[in-house]
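Undergrad: If you scroll down you'll find the structure; I have some questions about it.
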Amino acid sequence: MLNSLPEEWIPIRSVVGELPLQADGRRVHPSTVARWALYGLGGLKLPSVKLAGRRYVRRDDLRHFLEHGATR
């Protein structure tokens, strides 16, 4: 897992730049993404790892979460 960290895992603060804008034109706040990872949304948690005090998610997991978890 650690060997794949630089390419596959992205920090939560960078995730918000890859998400679509909200209806009012604002970006999703990084703490919102952290809550998705810690507590979930619609019964589905965003898989993540915490390394050196920062939380990271994989792009594939984020895509799956947005397609399935956010729509419940």
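Undergrad: Tabulate in residue order the Karplus-calculated ³J(HN,Hα) for the stretch 18-35, using 6.51 cos²θ - 1.76 cosθ + 1.60 with θ = phi - 60°, rounded to whole Hz; enter x for Gly and Pro.
TA: 9, 8, x, 5, 6, 4, 8, x, 8, 7, 5, 6, x, 5, 5, 5, 5, 5
Undergrad: How long is the gain from SER31 to ARG59 if the chain were fully straight, where each residue apart is worth 0.36 nm and the alpha carbon distance is subtracted? The partial results should precede the final answer.
TA: Working: separation 28, 0.36 × 28 = 10.08 nm, distance 1.75 nm.
Full-extension gain reported as 8.3 nm.
Undergrad: Using DSSP to call loops (not H, G, I, E or B), can you name the chymotrypsin sites (Phe, Trp or Tyr not before Pro) in the stretch 26-72 whose Cβ has at most 12 other Cβ atoms within 10 angstrom? Before the final figure, lay out each step's value.
TA: Details: sites: TRP36, TYR39, TYR56, PHE65; in loops: TYR39.
Answer by residue number: TYR39.
Every read-out reported here was derived from the displayed coordinates using simple, explicitly stated rules and does not represent laboratory data. Worth saying up front: this structure is predicted, and the values here are computed from it rather than measured. Every residue, glycine as well, gets a Cβ built from its backbone with ideal geometry; the counts of neighbours run over all protein chains shown.
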